[in-house]
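This report concerns only the one structure given below.
The values are calculated or read from the model by the stated rules, or taken from the named source; none is laboratory data. Only a predicted model underlies this, so the values are computations on that prediction, with no experimental measurement involved. Cβ: placed from backbone, ideal geometry, glycine included. Neighbour counts: every protein chain shown. Heads up: the accessible areas ignore ligands, DNA and RNA and are worked out on the full protein's heavy atoms, side chains in. Shrake-Rupley method; radii C 1.70, N 1.55, O 1.52, S 1.80 Å.
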Amino acid sequence: MCARVVVAEDDGKQADLVRRYLEHEGHDVAVVHDGAAALAELRRRPPDLLILDVMMPLVDGLDVCRIVRAEAGLAALPVLMLTARSTEDDLLLGLDLGADDYMSKPFSPRELMARARSLLRRGGRAGTGAAAPDPVLRVGPLTVDPGRHEVWAHDRRVHCTPGEFRLLEVLASRPGQVFSRAQILERLHGCDRYITERTVDVHVMNLRKKIEQDPRSARRLLTVYGLGYKLVDEEPPADQENPGPAGGRRDAHDGP
């Protein structure tokens, strides 16, 4: 199925290369060269995917991503961020602002297309035919509605990025079951699993801020030390802390 993709990249040659690869796969592509133009294009006609360079004039990519996640009509837009900076801090900052995937330059155009296909599949725009909507998932005070792409926690609407939503959907589909980071990444990205397991920790940290009443003492989205994460229907005893590696105390086996 043809998807609409906005490529925001100030390097003309790089933008043209990405455009040609996307058009070869049958997509409708709009190219812009600064952050202000990117925001104008996104608001004019929301796309199915945004490929966003970090270093752009007028408004940089990080600010574009922050604004996109704050606007109701764009909040669920999949964002693939490109950057010439490749430190872990840059990766975590991009994900914390709501990017769904992150690639460092220089990159392989074929790998970029694989990641774009993965994000479009997760957004429902890379396959053919209409699938039946998934059932609404309820875990304690948490409701995950895949059909409407909505999350409610403690009777309030919660905004989630596409990556956060998919992670929550995976955990809510099997309440109480422990999923390792590798298992979560496989369900989030399938065979196109290029990003690291640290991404899962960032998504968990951000989700705890949104669905937990006290993010530093998680009661629903729990860490199982040395194994992974689970979403529980009933809260653990009040004296049982579980901030987890994404939000506080860490276990030696839980990585960064």
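Taking label positions 7 Å along the Cα-Cβ direction at both ARG43 and ASP155, the computed distance is 3.5 nm, reported to one decimal.
Near ALA15, once Lys and Arg are set to +1 and Asp and Glu to -1 for all other residues with Cβ below 15 Å from its Cβ, the sum equals -4.
Amide H contacts for VAL29 (H built 1.01 Å from N in the peptide plane; partners 5 or more residues away or on another chain; cut-off under 5 Å): VAL5. Of THR143, THR83, the order by accessible heavy-atom surface (1.4 Å probe, DNA, RNA and ligands excluded), from most exposed downward, is THR143, THR83. A probe of 1.4 angstrom, applied to the heavy atoms of all protein chains, finds ASP233 with accessible area near 90 square angstrom. Among the protein heavy atoms, those of LYS230 account for about 50 Å² of accessible surface (1.4 Å probe, every chain in place). Ordered by solvent-accessible area of protein heavy atoms (1.4 Å probe), largest first, the residues CYS65, CYS2 come out as CYS2, CYS65. Note that the stretch 29-108, at 4 °C in a medium of 1.567 mPa s, gets a Stokes-Einstein diffusion coefficient of 103 µm²/s from its Kirkwood radius over C-alpha pairs.
Could you order ARG4, ARG174, ARG117 so the one with the most accessible surface comes first? Probe is 1.4 Å. It would help to have the intermediate numbers written out before the result.
On the way: ARG4 20, ARG174 130, ARG117 90 Å².
These residues rank, largest area first, as ARG174, ARG117, ARG4.
Averaging the sequence gap over all C-alpha pairs within less than 8 Å and six or more residues apart, then dividing by the number of residues, gives the stretch 1-75 a relative contact order of 35 percent.
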